[in-house]
Amino acid sequence: MSQDDVITLSQVARKVPEFLTHLPTMIKGLRISADTDPNKTVGLGWAFEQATRRNPHGPAVLYHEQRYTYAQFNQWANRIAHYFLGQGFAKGDVVALLMENRPELLATATGLAKIGVVCALVNTSQRDRVLAHSINLVKPRAVILGQELHQPFADVHPSLNIDKGTVYWFADQDVHQDVGTAPEDYINLQSAIARCPVFNPSTTSHIFRHDGLFYVYTSGTTGLPKAAIFTHGRWMKAYGAFGYGTVRFNSHDILYNTLPLYHATAMVVCWGSCIAGAAGIALRRKFSAREFWNDIRKYNATSFGYVGELCRYLLEVPADARDQQHRVRKILGNGLRPGIWTPFKQRFGIDEVLELYASSEGNVGFTNLFNFDNTVGFSPLPYAIVEYDKETEQPVRGKDGFLCRVKKGQAGLLIAEITDKTPFDGYTDPAKNESCILHDVFVQGDRYFNTGDLLRDIGFRHAQFVDRTGDTFRWKGENVSTTEVENIMGVFGQIVDAVVYGVEIPGTNGRAGMAAITPRTEISHIDFHLLYEYLRKELPPYAIPVFIRIMKQMETTGTFKYQKVNLKKEGFDAAQVKGDALLVCLPGTHAYTPLTEEIHQNILDGQYRF
């Protein structure tokens, strides 16, 4: 770590004048995020109604040529709220949402939030048994489906535990602008709500801090996705801390978002910050590096949401004379690597990188409040960074039995204290909840949430993200569960064992998937084309292993755990893998090919765009 990355008192002092100008708004944000009154009206629906009162005729949501003001969008959400109230839906019921980025998703989430219905934000990349598992896991009373995902849903519909007549449908607005015709036995939701009232429902005032808002899915270390509950109270913390405390949009701002809305970064942080400032959000279904800046100019955007990969892709596009011909001065997201942080700011004229750190299930967050470079920012919440043993994959306890804090400049495991003001809402699985909690950390009886992430303490309650621990790694902005991929690969008839882990590719963010396999037959008899097609059917694209290593026998510990530490160290370097065959799926291809020395060198030289 460079000494420049450690934050000094003089650096903080230089930020004080600017900090003071924003202090009143920051204090408001801190008050909102710290409020724990269980009887106060809060939440997404309440906040959207407040923004509508402040800016009724200003843009709320933009999409292609569509433009909805706050008043129009609020009325749309109200129709949805009143419709489901009329169908008998009530606080605590769950509805699964399966739609790509478009206004219907936001309108539905807002309308259901107003009546206390919990929206399960299903990952739109999921297919087959993983998709069926995610929907069944939350026991939904209904599913609201976008036409664009009809086929994946139809494939799993017979295996879903839902009643007949509980699937609602929105036409694909990328195809046509009318309400469309729903498939047989599906309810056309846009038609159904047409005559519903447009006034705010009274239920909005009865939504409180501990009421559920979303289920957000996370990739756990025990296989299939987990559903973490996201309460209205947690949404208010983000609304206050990010919206008022850090981002500070106003009604003239537009945030451009291509991040998937089933992620909390987009749905909670980006959109919540827009609502806090009564600002607009412009949506695109999926990220396009070629169209990105054209869209920014089209929507007159002043900000955008990012993950590190998105910024890297934009930086790889050839320089253009119009690179700084836009209104964007601040960006909001996570995962921007130090190596491209400054070049990105300089090339595109970005003044503020509002990097953040948070997790869907966690109780701690960091935000780059003071606009320092190369940091996830500052956190006022009770946390600690403690020593961590990568070999045992456990935090280190001292002679007194308690955990040991790292020194300034050192990396360790981030843990967050569980208190009344920083509760751990957790998952639907009680066993998973308990496995995430550390007891007797610094004193007898205290409890801390184990984030599973390694961060570096750089001083003044600022930190840098270093890596993830355990059996989850991040690739293409998504968390990949190694156990889930291992289980799916293990079903493939030609494989006996599969061990999955993440490996670093120079010049990329996160870690690419690599699978070490022991075959059931001779290597020459394995149909790797069939294997890849099988993985494409069973896994989202980001979870398909990029590299395959073929081993005669797996190394295990005394307790029969696979020696992933050595596999990770050896990676995809033929010189380190002791003669095992290596294969790679190169960008733009849909098959595994032998990893030759030439290809390996070209990967190291950055000639392939993973």
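Nothing in this text is a laboratory measurement; each read-out follows from the coordinates by a stated rule. If you're wondering where the values come from, they're calculated on a predicted model, not measured in any experiment. Methodologically, a virtual Cβ is constructed for each residue, glycine included, from the backbone with ideal geometry; neighbour enumeration extends over all protein chains shown.
Looking at the stretch 465-605, the pairs of alpha carbons with a distance over 20 Å make up 43% of the total.
Using 0.36 nm per residue and subtracting the Cα-Cα separation, the extra length available between K286 and V198 on full extension is 28.6 nm.
Please get the size of the charge dipole for the stretch 380-468, origin at its Cα centre, with Cβ charges of +1 on Lys and Arg and -1 on Asp and Glu, quoted in debye to the nearest 20. Numbers along the way, then the final one.
Numbers: 12 positive and 15 negative charges, 82 e Å.
I would put it at about 400 debye.
With +1 on the Cβ of every Lys and Arg and -1 on the Cβ of every Asp and Glu, and nothing else charged, how large is the dipole of the chain about its Cα centre, in debye rounded to the nearest 20?
Approximately 1600 debye in magnitude.
Ignoring lysines fewer than eight residues from K40 along the same chain, the ones with Cα atoms less than 29 angstrom from its Cα are K28, K91, K114, K139, K237, K421. P(r) for the chain, from all Cα pairs and a bin width of 10 Å, is 3, 16, 26, 28, 19, 7, 1 %, short bins first. Annotation: the residues I350, I254, sorted from fewest to most other C-beta atoms within 10 Å of their own C-beta, follow the order I350, I254.
Between the stretch 487-534 and the stretch 106-138, what's the alpha-carbon centroid distance in Å? Taking the Cα centre of each part, the stretch 487-534 and the stretch 106-138 sit 30 Å apart. Dipole orientation for the chain: of the candidates G459, P140, C311, G459 has the Cα lying most toward the positive pole (charges on Cβ; Lys, Arg +1; Asp, Glu -1). Placing dummy labels 7 Å off each Cα toward the beta-carbon, the span from R54 to S524 is 7.1 nm.
The antiparallel fraction among DSSP beta bridges confined to the stretch 1-122 stands at about 50%.
Taking other Cβ within 10 Å of each residue's Cβ, how do I80, I229 sort, fewest first? Write out the running numbers ahead of the final one.
Working: I80 27, I229 18.
Listed from fewest to most nearby Cβ atoms, that is I229, I80.
Filter the cross-link list K164/K432; K476/K537; K298/K476 down to pairs whose alpha-carbon distance in this structure exceeds 24 Å. Where the Cα-Cα span goes over 24 Å, the pairs concerned are K164/K432; K298/K476. Rounded to 0.05, the FRET efficiency of the L30 and Q151 pair, given R0 = 51 Å and the Cβ-Cβ distance, is 0.65.
Charge dipole of the stretch 297-373 (Cα centre as origin; +1 on each Lys and Arg Cβ, -1 on each Asp and Glu Cβ, all else neutral): 340 debye, rounded to the nearest 20. In terms of the mean number of neighbouring beta-carbon atoms within 10 Å, the peptides 439-445, 66-72, 420-426, 302-308 order highest first as 302-308, 66-72, 420-426, 439-445.
When the helices in the chain are scored as -39500 (n - 2.57) per DSSP H run of 4 or longer and the sum is shared across all residues, what 222 nm value do you end up with, to the nearest 500 deg cm²/dmol?
On the way: 18 runs with 168 residues, N = 610.
So the helix-based figure for the chain works out to -8000 deg cm²/dmol.
For the stretch 472-604, averaging the sequence separation of C-alpha pairs within contact (under 8 Å, six or more residues apart) and dividing by the residue count gives a relative contact order of 22 percent.
Taking packing as the residue-averaged number of other Cβ atoms within 10 angstrom, the listed peptides 530-539, 322-331 run from highest to lowest as 530-539, 322-331.
For D580 and R129, the difference between the fully extended length at 0.36 nm per residue and the C-alpha to C-alpha distance is 159.2 nm.
Could you tell me which of rounded, prolate or oblate describes the stretch 149-244, using a ≥ b ≥ c as the square roots of the eigenvalues of the alpha-carbon gyration tensor, with rounded for a/c under 1.5 and, failing that, prolate when a/b is larger than b/c and oblate otherwise?
Details: a/c = 2.02, a/b = 1.23, b/c = 1.65.
Oblate shape, in that a/c is at least 1.5 and b/c is the bigger or equal ratio.
Available extension along the chain between L9 and R461 is 161.5 nm, counting 0.36 nm per residue and deducting the alpha carbon span. Between I162 and K569, the modelled label-to-label distance comes to 4.9 nm, taking each label 7 Å out from Cα in the direction of the beta carbon.
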